[in-house]
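Asker: Provided herewith is a single structure, encoded as C-alpha cells, for subsequent inquiry.
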Amino acid sequence: MAKDEGWGLDPVVVSWLDARTAGPGWEDIATMGPLEPCRCTTAGFLIAEDDATIVLAQTVSEEAVQGRIVIPVGCVVSIKRPWRKGKGRR
C-alpha cells in the first residue's frame, strides 16, 4: 500500500505487550506457574504518535476513521513501517 492511500496516513504494524490474567478463581501460591504478558500485533493507519502513546485507526474514509486503538509506548516491542525500506523497527 502506498503512503498516499488512506489520505496521507501511514500504514503500520505494531507488535506490543498487553496484560494477561491467570483466569478465574484462586491459585495456590506453591504450585502456580509463571505468567507472561500477551504479545499482540495490530495493523492500521498511524493517526498520532508521541512520547506516551501510539494511536492507530483500523479503517479510513474520506471524512472519518473507524476502530481507533491507543497503545502505550512502554508496551511497544516494534513498529514496522512497510513503505520504508530498511526501516522496519522503531
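The values are calculated or read from the model by the stated rules, or taken from the named source; none is laboratory data. The shown structure was predicted, so the numbers you read here are calculated from the model rather than taken from an experiment. All Cβ positions, glycine included, derive from the backbone under ideal geometry; neighbour counts span all protein chains shown.
Asker: Can you name the number of the only condition in (1) at pLDDT 95 or above; (2) surrounded by 13 or more Cβ atoms within 10 Å (Cβ to Cβ); (3) more than 15 Å from VAL14 (Cα to Cα) that ILE54 fails?
Answerer: All conditions are met except number (3).
Asker: Sort out which residues of segment 3-28 are hydroxyl-bearing (Ser, Thr, Tyr) and modelled with pLDDT under 95, and write them in order of number.
Answerer: Within segment 3-28, THR21 is the sole residue that qualifies.
Asker: Are there any pairs, at least 6 apart or on different chains, whose C-beta atoms fall under 9 Å, with the first in segment 42-69 and in a loop (DSSP other than H, G, I, E, B) and the second modelled with pLDDT of 95 or more and not small (Gly, Ala, Ser), and if so, which?
Answerer: Partner pairs satisfying both residue conditions: ASP50/VAL73; ASP51/VAL73; ALA52/PRO72; ALA52/VAL73.
Asker: Examine segment 60-73 for a residue that is of a type in the set (A, V, I, L, M, F, W, C), in contact with a helix residue (DSSP H, G or I) (Cβ under 8 Å, 6 or more places away or on another chain) and surrounded by 14 or more Cβ atoms within 10 Å (Cβ to Cβ), and state whether such a residue exists.
Answerer: So far as segment 60-73 goes, no, none of its residues is of a type in the set (A, V, I, L, M, F, W, C), in contact with a helix residue (DSSP H, G or I) (Cβ under 8 Å, 6 or more places away or on another chain) and surrounded by 14 or more Cβ atoms within 10 Å (Cβ to Cβ).
Asker: Would you confirm, using the coordinates I've provided, whether ASP28 is part of a loop (DSSP other than H, G, I, E, B) and in contact with a helix residue (DSSP H, G or I) (Cβ under 7 Å, 6 or more places away or on another chain)?
Answerer: No: the conditions fail for ASP28.
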